[in-house]
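This report refers to the structure that appears directly beneath it.
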Amino acid sequence: MLFHNNIYFNFAFSFNEYTKMELKVLKQEIDRIISSEDSNENTLQKICDYLERTVSYYDWVGFYFKNGTKNELKLAQYTGEETEHTIIPFGKGICGQVAMSNENFVVQDVSEQENYISCGWKVKSEIVIPIFVNEKNIGQIDIDSHTANIFTEKDELLLEYICKKIALILN
Ligand code: SME
């Protein structure tokens, strides 16, 4: 019995370590992309491409930013299917709500959301994390997944880390 417990413990431990390692590698690669000398546009595009390619359940990765002085978001760089939602008024959809709430929004099942803008029938869940420059919400990273109930605190932590790093170059 003790032996079995040990095996279980070891497995759980290694699994946890592997997740930590994976996160560390993701952060290191983001740091590398951000510190490479390139335009902000190219850097954001590389981040979209890298995340979509690397995290299996990130099926659409994009950035929306406040559109000048208008109370709306404008789509910037993205990877994934083309979307017609290139302009989103503040308050509309998950993105528009984050523009006003200044808080992370994790939707485990988009079919349960009334104030939601669909970007295709395949999308089952979504996570949106705001980007703050000088404490002002200037935009966000938006990720769609074709799998429901997939996002965890791990994603929020990784994406908050990325948004903070991006804020430094957009400052
Ligand atoms: N689903 C978003 C719209 C943007 S797409 O995900 C690309 C929303 O409800 O705001």
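The values are calculated or read from the model by the stated rules, or taken from the named source; none is laboratory data. No experiment lies behind these values; they were computed from the predicted model shown. Cβ sites come from the backbone with ideal geometry, for glycine too, and all protein chains shown count toward neighbours.
Summary of values
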| quantity | calculated |
| --- | --- |
| Within the stretch 99-120, tally of residues that are in a loop (DSSP other than H, G, I, E, B), of a type in the set (A, V, I, L, M, F, W, C) and modelled with pLDDT of 95 or more | 1 |
| Considering residues of the stretch 40-75 that are basic (Lys, Arg) and closer than 21 Å to Val123 by Cα only, the residue surrounded by the fewest Cβ atoms within 10 Å (Cβ to Cβ) | Arg53 |
| Residues being farther than 20 Å from Leu168 by Cα, more than 12 Å from the chain's Cα centre (by Cα) and either among the aromatic types (Phe, Trp, Tyr) or modelled with pLDDT of 95 or more (or both) - total across the stretch 54-72 | 4 |
| Sole exception among (1) closer than 22 Å to Val133 by Cβ; (2) within 9 Å of the ligand (Cβ to nearest atom); (3) surrounded by fewer than 16 Cβ atoms within 10 Å (Cβ to Cβ) for Asn115, by number | (1) |
| Close pairs (8 angstrom Cβ cut-off, 6 or more residues apart or separate chains): on the phi > 0 side of the Ramachandran plot in the stretch 62-75, within 12 Å of the ligand (Cβ to nearest atom) and of a type in the set (A, V, I, L, M, F, W, C) anywhere | none |
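So that you can scan it fast, the table gives a plain yes or no per residue for (1) more than 23 Å from Thr19 (Cα to Cα); (2) in contact (Cβ under 8 Å) with a residue 12 or more places away in the chain; (3) surrounded by fewer than 21 Cβ atoms within 10 Å (Cβ to Cβ):
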position	(1), (2), (3)
Asn134	yes, yes, yes
Asp144	no, yes, no
Lys154	no, yes, yes
Tyr161	no, yes, yes
Leu168	yes, yes, yes
